[in-house]
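The values are calculated or read from the model by the stated rules, or taken from the named source; none is laboratory data. Model, not experiment: these values are computed from the prediction. FYI the Cβ positions are ideal-geometry reconstructions off the backbone, even for glycines, and counts take in every protein chain you see. These area figures cover heavy atoms from the full protein model, side chains too; ligands, DNA and RNA do not enter into them. Shrake-Rupley method; radii C 1.70, N 1.55, O 1.52, S 1.80 Å.
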Amino acid sequence: MRRSMTPPVWRGSRPSAALWRRGARSATFPSGANHQPWFFSVIDSPEARARIRAAAESEEQEFYASKAPQEWLDALAPLGTDPDKGFLEVAPVLIAIFGQKRGGPKPGDDRKNYYVTESVGIATGLLIAALHEAGLATLTHTPAPMSFLAEICGRPAGDKPFLLLVAGHPAADATVPVAALDKKPLDAIAAWI
């Protein structure tokens, strides 16, 4: 899946009506104190995607060469991940998701936001579900550090990159690594008490 996505997600220069409606749902997602402390930068510019790929691969080269412990690399091996992040340019859309330390319930507010990580995580999960409902494939990417995303997306200093979401229609020959299909059974992740 990492190397196989095809356009179009967008129709002309605007998102399809169905995708736009699903994205607009993010304003209704639950959040700490109803501050909605997230910002989604939708990136479809080939130039911006190329810059993001170059910056992500630079971080990933260092990660795989010297930062990651062997146990982590062993866990990633069955998934086929490596420093090559070509999918960042192949996929038609990237969504850089940011958490905001300050904001508030109204645009322009400058108050402390609460439960930022939890709120952004919930919003991201619901966005992924909405994109899947629209028939799109998604892939999460979390290079560390991700500060380059704020610069490329023109975000203020208080916005912290949370996750890079790759979205598009899967190519006809797209595959998912077998190891990614191996999931825990329900009773291993949930209990009714």
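Can you say whether GLY135 is assigned to a loop (DSSP other than H, G, I, E, B) and either modelled with pLDDT of 90 or more or surrounded by 13 or more Cβ atoms within 10 Å (Cβ to Cβ) (or both), as far as the supplied structure shows? Against the criterion (assigned to a loop (DSSP other than H, G, I, E, B) and either modelled with pLDDT of 90 or more or surrounded by 13 or more Cβ atoms within 10 Å (Cβ to Cβ) (or both)), GLY135 does not qualify. Each residue in region 145-155 was checked for being outside any helix (DSSP H, G or I) and either under 25 Å from ALA129 (Cβ atoms) or modelled with pLDDT of 95 or more (or both), and 3 pass. Filter region 158-180 down to the residues that are in contact with a helix residue (DSSP H, G or I) (Cβ under 7 Å, 6 or more places away or on another chain) and among the small types (Gly, Ala, Ser), then identify the one that is least open to solvent (accessible area, probe 1.4 Å). Once the filter is applied, the top-ranked residue is ALA167.
Restricting attention to region 108-123, the residues that are under 17 Å from the mean Cα position of the chain (by Cα) and either part of a loop (DSSP other than H, G, I, E, B) or touching a residue at least 60 places away in the same chain (Cβ under 8 Å) (or both) add up to 6. Among the residues that make up region 169-189, is at least one of them assigned to a strand (DSSP E or B), in contact (Cβ under 8 Å) with a residue 12 or more places away in the chain and touching a Phe, Trp or Tyr at 6+ places or on another chain (Cβ under 6 Å)? No: zero hits.
Scanning region 34-53 for residues that are without any contact (Cβ under 8 Å) to a residue 40 or more places away in the chain, surrounded by 13 or more Cβ atoms within 10 Å (Cβ to Cβ) and farther than 17 Å from ILE128 by Cα turns up at least one hit.
Of all residues in region 68-107, those satisfying the criterion of being of a type outside the set (Val, Ile, Thr), part of a helix (DSSP H, G or I) and either buried (at least 18 other Cβ atoms within 10 Å of the Cβ) or without any contact (Cβ under 8 Å) to a residue 60 or more places away in the chain (or both) are GLN70, GLU71, TRP72, LEU73, ASP74, ALA75, LEU76, ALA77, PHE87, LEU88, GLU89.
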